[in-house]
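One structure is given below, encoded as structure tokens.
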Amino acid sequence: MAEKIRIKKGFDIPLAGMPSSIVTDDRLTSLFAISPDDFPGPVWKAVVKPEETVNAGDPLLVDKATGKVRLVSPVAGRVKEVHRGERRHIEYVSVSKDGDPQPVNFGNNMKGNEAKEAILASGLWAMMRQRPFDIVPDPEVAPRDIFVTAFDSAPLAGELLSDSLAKWLEAGLETLASLTAGKVYLGIKAGSNISSKAAEVYEFEGPHPAGNVGTQIAAIKPVNKGETVWTLDAVTAAKIGKLVKTGEADLTTTVALTGPDVKDPHLISTFVGASIDSLIKDALVKEEGVRIISGNVLTGTRVRKDGFLRFPYRQITVIDEGDDADEFMGWASVNPGKFSVKRSFPAFLRGFSKPFHFDARIKGGHRAMILSGEYDKVFPFDIYPEFLLKAIMAKDIDKMEKLGIYEVAPEDFALPEFVDTSKIELQKTVRDGLDYLRKELS
Amino acid sequence: MKGLKKKIDSVKPQFEKGGKFSKLHSVFDGFYTFLFTPNETSRSGVHIHDSNDSKRTMIIVVLSLIPCCLFGMWNVGLQHALATGDPDHSLFHLFFYGFWAVLPQILTAYIVGLGIEFVVAQIRGHEIQEGFLVSGILIPMICPVSTPCWMLAVAVAFAVVFAKEVFGGTGYNFLNVALVTRAFLFFAYPSKMSGDNVFVSLGGVHAVDGYSGATPLGQLAASTTGKIDVLGVTGDPLSYADMFFGFYPGSWGETSTFCILIGLVILLATGIASWRIVLSGVVGGFFMALLAHNFATPLYPVTYLSPLEQLSLGGFAFAIVFMATDPVTACRTNTGKYIYGFLIGAIAIIIRCYNTGYPEGAMLAVLLLNCFSALIDYCVVNSNINRRLKRATVKN
């Protein structure tokens, strides 16, 4: 019986647009792209040129330092573009789907080092993260433990593990167990009947961020200075299982199309990096004045209609942009539709079970940290978030270490950023802090 | 509202860089964001935000002060009527007497304080911050009704500049701005800040026979005969109900514990003030008052007051509810808040009881703990750091 852990600090944001469990096949999309910005840590180098033919599983980008970690093409076809931004920074590599897929086979029934090489080559490695620093794991460093989360508790997230993948999970966990001298921990949603012999299973109940792997690490075995752990979701773990057993790199994904501006929120089965416009075609309530987010509203990336699905490739949320609202004296509003976790707005009277319509406005001015204890209420770590953030802002490395920066990733600060009265960009602060620390310590 | 918005938008360029009135940019921006919630959308991180902002927070605090403020105005009128023998005790008569008596103070505090804020915001290129909306109403409320406006202006200017702006503005100050104003007045102009003649507005009319304008705590501090009954302005003894509801002279906004409790309910219900500070403050004050009461001595007549009387009289309740809970100057950790509140409560009563030079200790207690709040937090956070170090394998 798995040990049960109850997360008390957190909040489930009642956003409208919950997806149904209907899955439709994406037959439209012909353009796919991989964006190296989604995979922090390595410096990425493009290994393909436009018009080159690639197979599903062929590398598009490799990490410059070791050449081992790869980002691969999700489909067979021709490379359309290596899109570069300022200072020749690669923004994405796009591939147009063309002809019959002939997926690369990476071998079968692999074990140990052979399995590790296959994971690296298949692009699945880059779907993992390491703490500290929240980056793609360094293949040279053995992790203390590996943490796998089997559910997503973020607003409007769909079910993580489909039945077709679930059967590979155990094989994946076994493979992961062979890559660490420590343990593999699997965090599951309370009440779900996932079991494992290879991993130690913990049940989590409570509000978001219960499904965040950072929350689970903090509750099971926090990261200390000098230690490295790997984190991934159960989808990647199952794909690793499928890879080592069959040699096939599974680059399909199920995307939840969600949010208040989606007509009929549901699931779409496609490949990673699918272009957005084909996924949202005829699916939106309105075409103008919307914000399309690849991911959830807390940690997702804003994308344009001609953009692509971004890592972790499992959700699109569409909300109002709201920049034309011109709300008169919003600070005095008694509108029960204005959401606040605090009782300073009457929204609490109507209850949080009924969904709210949010827009992208920050709804206030930027201020210094004024109220205290706001973040702590939605931050289930044994860390003082305000003090850690101040240490990061002051670039005080010694204090950052002491206050627990090695234990956190930007996504852990998403809910504090949402509730923040002072509208400070907390996730950006933490990302900058982690990057600064990594640079200074290397 | 669309018309108004259009109109304002049409003059907006004149206030921007290079415009005719670019020197008034911060002021314009302040009023603009007051009228219309900014349409700025999120650029990084989360895509949706909670509706609560700094303006809303400050407005709630001002709202919670209104019962005290209105009662205070009425009470100024009541004390005036009692002192001068005016038989007209109708609600509006008393209220408007007090209203006109304190209005100049309120205006002075806001004009001077906000004026400095506007100038500093413009120089720094910041948005105008709302912190002074609260300070501006708090300051007159904790001063005697007869405080001259020029003194108030000097004190407000001193406090806003040296207690707040030099540290970077709202959110960076380590001392409560309203209390620094009060402390400045108290030490710079002691004769206008204490004694028998400052807490009741006579308005140029002769007082009735037997009148004394001393506050209850002032009477006790000045007593040389040990235990005495506290009296009202006309020489009748004050009942506990008088003390609780605030029918006695004092700094005009802080006499009614009842109205302070209404404000407290608003602050706690909206979650803006920390219940930890209030609870531990009341416990600290009650505990100390009980101790003092058990060892009451004629040398220190205030010690004869019962704990409940101690909590209801003077500025204690006001300081605990509205001053100690200022999130910027209080402790930021939950454990720290308990310690901080308890010490404020206890020290306020100690000063009040055992230092007859200062009839009231709440102001000094809060300012003292403002200075120590960072140290208390430091100790609390250090215990977290040590816990982390203990489980780490790599030390240093």
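The values are calculated or read from the model by the stated rules, or taken from the named source; none is laboratory data. These figures come from a predicted structure and were not determined experimentally. Cβ: placed from backbone, ideal geometry, glycine included. Neighbour counts: every protein chain shown. Areas reflect the complete protein model, heavy atoms only, side chains present, ligands, DNA and RNA absent. Shrake-Rupley method; radii C 1.70, N 1.55, O 1.52, S 1.80 Å.
Consider segment A:1-41 and keep the residues that are farther than 26 Å from A:Pro260 by Cβ, buried (at least 17 other Cβ atoms within 10 Å of the Cβ) and hydrophobic (A, V, I, L, M, F, W, C). The one that is farthest from the chain's Cα centre (by Cα) is A:Ala2. Is at least one residue of segment B:87-98 surrounded by 21 or more Cβ atoms within 10 Å (Cβ to Cβ) and either under 21 Å from the mean Cα position of the chain (by Cα) or touching a residue at least 60 places away in the same chain (Cβ under 8 Å) (or both)? The answer is yes, given that some residue of segment B:87-98 is surrounded by 21 or more Cβ atoms within 10 Å (Cβ to Cβ) and either under 21 Å from the mean Cα position of the chain (by Cα) or touching a residue at least 60 places away in the same chain (Cβ under 8 Å) (or both). Annotation note: of B:Thr215, B:Thr234, the sole residue that is in contact (Cβ under 8 Å) with a residue 60 or more places away in the chain, out of contact with any strand residue (DSSP E or B) (no Cβ under 7 Å at 6 or more places or on another chain), within 24 Å of B:Leu94 (Cα to Cα) and open to solvent by less than 30 Å² (accessible area, probe 1.4 Å) is B:Thr215.
Taking segment A:363-430 as the region of interest, the helices (runs of 4 or more DSSP H) fully inside it that hold 3 or more residues being within 30 Å of A:Ser333 (Cα to Cα) are A:414-419. The condition of being in a helix (DSSP H, G or I) and open to solvent by 30 Å² or more (accessible area, probe 1.4 Å) holds for B:Ser383.
Only one entry in B:Thr356, B:Thr393 is at the interface with another protein chain (Cβ under 9 Å from one of its Cβ atoms) and open to solvent by 20 Å² or more (accessible area, probe 1.4 Å), namely B:Thr393. Of these, B:Gly131, B:Gly168, B:Gly77, B:Gly115, which one is within 14 Å of chain A (Cβ to nearest Cβ) and over 20 Å from B:Met323 (Cβ atoms)? Result of the check over B:Gly131, B:Gly168, B:Gly77, B:Gly115: B:Gly168. Taking residues in segment A:114-143 that are in the same structural domain as A:Pro103 (by TED's automatic domain parsing) and of a type in the set (Ser, Thr, Tyr), and partners anywhere that are part of a helix (DSSP H, G or I) and surrounded by fewer than 22 Cβ atoms within 10 Å (Cβ to Cβ), not one pair has Cβ atoms closer than 9 Å while being at least 6 places apart or on different chains.
Of A:Thr317, A:Thr299, all but one fail to be of a type in the set (Ser, Thr, Tyr), touching a helix residue (DSSP H, G or I) at 6+ places or on another chain (Cβ under 9 Å) and more than 7 Å from chain B (Cβ to nearest Cβ); the exception is A:Thr299.
Taking segment A:50-77 as the range and being closer than 16 Å to A:Asp37 by Cβ, touching a residue at least 40 places away in the same chain (Cβ under 8 Å) and not in a strand (DSSP E or B) as the test, only A:Val69 passes.
Considered as a group, the residues in segment B:33-72 that are of a type outside the set (A, V, I, L, M, F, W, C) and more than 7 Å from chain A (Cβ to nearest Cβ) include one that is surrounded by the fewest Cβ atoms within 10 Å (Cβ to Cβ), and that residue is B:Arg43. Would you check if A:Lys80 is open to solvent by 30 Å² or more (accessible area, probe 1.4 Å), charged (D, E, K, R) and either in contact (Cβ under 8 Å) with a residue 60 or more places away in the chain or more than 25 Å from A:Leu279 (Cα to Cα) (or both)? It is false that A:Lys80 is open to solvent by 30 Å² or more (accessible area, probe 1.4 Å), charged (D, E, K, R) and either in contact (Cβ under 8 Å) with a residue 60 or more places away in the chain or more than 25 Å from A:Leu279 (Cα to Cα) (or both). Within segment B:322-345, being open to solvent by 10 Å² or more (accessible area, probe 1.4 Å) and of a type in the set (A, V, I, L, M, F, W, C) holds for B:Phe322, B:Val328, B:Ile339, B:Phe342, B:Leu343.
Here is a yes/no grid of residues against (1) in contact with a Phe, Trp or Tyr (Cβ under 9 Å, 6 or more places away or on another chain); (2) facing chain B (nearest Cβ under 10 Å); (3) open to solvent by less than 40 Å² (accessible area, probe 1.4 Å):
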{"position": "A:Phe345", "(1), (2), (3)": "yes, yes, yes"}
{"position": "A:Arg367", "(1), (2), (3)": "no, yes, yes"}
{"position": "A:Gly373", "(1), (2), (3)": "no, yes, yes"}
{"position": "A:Pro380", "(1), (2), (3)": "no, no, yes"}
{"position": "A:Lys399", "(1), (2), (3)": "yes, yes, no"}
{"position": "A:Leu403", "(1), (2), (3)": "yes, yes, yes"}
{"position": "A:Phe418", "(1), (2), (3)": "yes, yes, yes"}
{"position": "A:Tyr436", "(1), (2), (3)": "no, no, no"}
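When A:Asp306 is tested against (1) at the interface with chain B (Cβ under 7 Å from one of its Cβ atoms); (2) over 14 Å from the mean Cα position of the chain (by Cα), only condition (1) is not met.
When B:Tyr248 is tested against (1) away from chain A (no Cβ under 14 Å); (2) assigned to a helix (DSSP H, G or I), exactly one condition is not met: (2). Listed by position, the strands (runs of 3 or more DSSP E) inside segment A:214-332 whose residues that are among the hydroxyl-bearing types (Ser, Thr, Tyr) and surrounded by 20 or more Cβ atoms within 10 Å (Cβ to Cβ) number at least 1 are A:229-233, A:252-258, A:266-271, A:290-294, A:315-320. Taken over segment A:94-118, the criterion of being under 26 Å from A:Thr29 (Cβ atoms) and not charged (D, E, K, R) is satisfied by A:Ser94, A:Val95, A:Ser96, A:Gly99, A:Pro101, A:Gln102, A:Pro103, A:Val104, A:Asn105, A:Phe106. When A:Ala283 is tested against the conditions (1) within 11 Å of another protein chain (Cβ to nearest Cβ); (2) at pLDDT below 90; (3) in contact with a strand residue (DSSP E or B) (Cβ under 9 Å, 6 or more places away or on another chain), the lone failure is (1).
Within segment B:143-163, the set of residues being in contact (Cβ under 8 Å) with a residue 40 or more places away in the chain, farther than 9 Å from B:Thr181 by Cα and not polar (S, T, N, Q) comprises B:Cys143, B:Pro144, B:Val145, B:Pro148, B:Cys149, B:Met151, B:Ala153, B:Val161. Scanning segment B:158-181 for residues that are open to solvent by less than 30 Å² (accessible area, probe 1.4 Å) and at pLDDT 90 or above yields a total of 12. Residue count for segment A:352-365, restricted to those that are more than 10 Å from chain B (Cβ to nearest Cβ) and open to solvent by less than 20 Å² (accessible area, probe 1.4 Å): 0.
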